[in-house]
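Computed from the coordinates by the stated procedures, all read-outs in this text should not be read as laboratory data. None of the values given here were measured: they were computed from a predicted structure. Every residue, glycine among them, receives a Cβ derived from its backbone with ideal geometry; neighbour counts consider all protein chains shown.
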Protein chains: 2
Amino acid sequence: MMPPVFSTVAETRAHLVHLRARGASLAVVPTMGALHAGHQALVRRARDLADEVALTIFVNPTQFGPGEDFDKYPRQLEADLVRAGEAGAAFVFAPGAGEIYPPGEQTRVSVGALAEGLCGASRPGHFVGVATVVTKFFSVFAPATFVFGQKDYQQLKVLERVAQDLLLPVQVVSHPIVRESDGLALSSRNVYLSPAEREAALGLPRALTAATLAYQTGERDPKRLLALASGTLAHYGLDVEYVELRDAETLAPPPDGPLTGTAVLLLAARSGGTRLIDNTRLGQDPAPVRA
Amino acid sequence: MMPPVFSTVAETRAHLVHLRARGASLAVVPTMGALHAGHQALVRRARDLADEVALTIFVNPTQFGPGEDFDKYPRQLEADLVRAGEAGAAFVFAPGAGEIYPPGEQTRVSVGALAEGLCGASRPGHFVGVATVVTKFFSVFAPATFVFGQKDYQQLKVLERVAQDLLLPVQVVSHPIVRESDGLALSSRNVYLSPAEREAALGLPRALTAATLAYQTGERDPKRLLALASGTLAHYGLDVEYVELRDAETLAPPPDGPLTGTAVLLLAARSGGTRLIDNTRLGQDPAPVRA
C-alpha cells in the first residue's frame, strides 16, 4: 500500500500533532528519492527504533554544484512511494523547493574541518547544502531519530557533528552500506552506468576488498594499503578522484606510522561520466550487507 | 525572589518536560546579562505572550571579534538574577561556554546579505555567532516565542530570517528601544562611559530625533536626512562608524529618489572607546519607550 504523501510543512506538522498526542516516537529517513534496497534497509532499521517512520524525498538544490547532475537526477515519485510503503514508511514528505527554501532565504548551516577534503574538495558547498537541509528537516519533524546510510560516510560524520553542535535533541543512527551480490554499493546514480561502466565500477568494492584483506593479514602501512586500493582502481580503468585513509570519527589523516585506531578507507572515482563513492572501515568493519 | 538558575542543557530540558506536561507555553529572552530596564521590558513583554518566561545569560564568545570587549564585558550574575526575578522570569539559563560549544564543535549558522554592511562590516563573524547561538537556544528550549530588543536592529532582522529560513516553529517578537529620560538608549555597555563620554553619547538619540523631526515635517531626501544625522553626531564629537538609511525589513539601501516605504535610520559611533548603536524607524515609528 502506498503511504500518504505530504508536500507542505504545515500538513506534516498537523500529522505529527496526532502522532505525539498518542505518545508515539518518530524516526526520519532523509533521501533524494530514486529509492533502492539501501534506502529500504534504512527504513527497516528506523522501524526498529521508533513507532513510526517518515521518509523524505527531496532533491536538495543547495547540495549540488554548478555542472553537477541536479537536473538529471532520477525523479520517480510513484515508484518511490511503492518502495517506501514496502519497507514500512508511515508517510512520505516530498516538498517542493520553495517549501524548504522560502523566498528571500539566505541562511546556511556549515561545519568546519569535517567538510574539507574528500568529497568537500571536489564539491564545494555540498556539505553546507546537506547540513542546511537536514537542520530544516529537524525543524519540520523534531524526530527522536534520523537514520542515514554509511555509503555517504563523510556526510554521516558531518550530520552527526551538526546534531551534536546545534544541541539538536535527536539520535543520528547509521546503517551499513547495502551492496549488489557482486559487491557494487547501491546508489541512485548507478542507473547512469552503461553495462561496461558498471563492470568498471566494480573496481571500487574490489579496491576496498583488496585493502581489507591486506589489513586482515596484518598490513598496517597506510602507504601500502592506499597503493593496493589505487592499483585496483587503475586496473579497472576508473578515473580516480581520491583514495584516502582517515580516522573513522574525526576524518583527520592518520598520524605517520602504522595504523592504530579505527580507520576508514574512502574512495571516489568516475566510471564514464558517473561519479561513484564507496568506503569501508578497517579495524572494526561490519559484515557486508547484500541487497 | 531570585529565580532558579540552570547551567546545563539537561537540567533545563528536565524542567521543560514538566512545563510541557501541564500544557504551558514558553517564551525565551536571550541576553548576555548585565541586565537593565530594557531587558526587563523584554521579560515583561514575554510574560504577556506565554505562560512562563525563561531568560538566558550567556556572554557568547563567538559573536565577539579579536580586540573586542569579550573579556571585560560586564558579568554580574547575582544582580542579574534579582532583576530577572523582578521582571517575572520563571528561571534563568546561565550555561558555561563548554555547554553551548562542546569540544570539537565546528558548526555555524550564517545568513547572507542581511549580515553584510552596518555592524557586519566592522564586526566580521559577529552575526554568525549570534545566529549560531540562538539556533542552539532554540534546540535547548523549543520555545513558542523569542523576544528580542529593537536596539540591535540588524540582529533582530538576522534572527527573524534564521527562524523563518530554518523553519523553526517559533515566533520572533521584538520590543521597542528603552531609553533613559534624556534619550540615551539603554545598553549594558553604557557602564563603560565616563560622565563626559555619556554626555557625548547623547549625540546618537539627538541625531535620530533631528532626522525624525525633519521626516515628520516632510523631508524625504535620503541625503539630507543622513546629513542631518551626521551633522548632529559630529556636533557631539562622536567617532562615527556608520550612518545609514535602509529598508526596514530587508535592510537593503533604499532606491534612488525620495523615501517611500518604511525606512530605518541606523547609527554606530564611538564615545571614547565605547562603541554604541542606535536606530529609529522613519514612517512607522512607535512612541519612544522610557526606562
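The sum of -39500 (n - 2.57) across all DSSP H runs of n ≥ 4, divided by the residue count of chain A, sets its helix-only mean residue ellipticity at 222 nm to -11500 deg cm²/dmol. Basic side chains Lys and Arg get +1 at the Cβ, acidic Asp and Glu get -1 at the Cβ, and with that the dipole of the range B:188-285 about its Cα centre reaches some 160 debye. Positive-end ranking of A:Gly257, A:Thr8, A:Ala50 along the dipole of the protein assembly as shown, with charges on Cβ about the Cα centre, is headed by A:Ala50. Between helix B:37-49 and chain B there is an angle of about 60 degrees, using the helix long axis and the longest principal axis of the Cα atoms.
Calculated translational diffusion coefficient of the range B:5-178 (4 °C, 1.567 mPa s; Stokes-Einstein with Kirkwood radius over alpha-carbon pairs) equals 79 µm²/s.
Among the trypsin sites (Lys or Arg not before Pro) in the range B:8-116, those located in a DSSP loop and surrounded by at most 15 other Cβ atoms within 10 Å of their own Cβ are B:Arg22, B:Lys72, B:Arg75.
Distances between every pair of Cα atoms in the protein assembly as shown, grouped in 10 Å steps from 0 to the bin holding the largest one, split as 3, 15, 23, 22, 17, 11, 7, 2, 0 percent. Label point of B:Gly104 (7 Å along Cα→beta-carbon): distances to the other copies' equivalent points are 3.9 nm, sorted ascending. Measuring max minus min along each principal axis, the C-alpha atoms of the range B:78-125 give extents of 38, 31, 16 Å (largest first). Each principal axis of the Cα atoms in the range A:188-281 has its own extent, and those three values, largest first, are 40, 25, 17 angstrom. Label positions at A:Ala196 and A:Asp221, each projected 7 Å from the Cα along the C-beta direction, are separated by 3.7 nm.
Between the helical axis of A:126-141 and the longest alpha-carbon principal axis of chain A there is an angle of about 30 degrees. Between the residues A:Gly218, A:Gly98, A:Phe146, the greatest Cα displacement towards the positive end of the dipole of chain A, with unit charges on the Cβ of Lys, Arg, Asp and Glu, is found for A:Phe146. Within the range A:73-91, whose backbone N sits under 18 Å from a point 7 Å along Cα→Cβ of A:Met2? Output list for this probe position: A:75-91. Note on chain B: along the principal axes its Cα atoms extend 56, 40, 38 Å, ordered by decreasing extent. Per-residue mean of foreign Cβ neighbours for B:159-170 is 5 (Cβ atoms of other chains, 10 Å radius). Peptide packing for A:129-136, A:64-71 was compared via the average number of neighbouring C-beta atoms within 10 Å per residue; ordered from the highest value, the list is A:129-136, A:64-71. Each copy carries a label point for A:Asp182 at 7 Å from Cα along the beta-carbon vector; from one copy to the others these points are 8.4 nm apart, nearest first.
Here the chain B residue lying nearest the rotation axis onto A, judged by its C-beta and given with the distance in whole angstrom, is B:Val109, 3. Distances, shortest first, from the label point of A:Phe70 to those at the same position in the other copies read 3.5 nm; the point lies 7 Å along Cα to C-beta. Measure nothing but the geometry: give the 0 to 90° angle between the long axis through the Cα atoms of B:203-216 and the longest principal axis through the Cα atoms of chain B, rounded to 10°. It works out to around 70 degrees.
As a length-normalised measure over Cα pairs under 8 Å and 6 or more apart, the relative contact order of the range B:1-125 settles at 36 percent. Averaged over the residues of peptide B:94-103, the number of Cβ atoms from other protein chains lying within 10 Å of each residue's Cβ is 1.
Tell me the trypsin sites (Lys or Arg not before Pro) within the range A:201-291 that lie in a loop according to DSSP and have at most 16 other beta-carbon atoms within 10 Å. The qualifying sites are A:Arg220. Please report how far the C-alpha centroid of the range A:192-227 lies from that of the range B:146-179, rounded to the nearest whole angstrom. Distance between centres, Cα-based: 52 Å.
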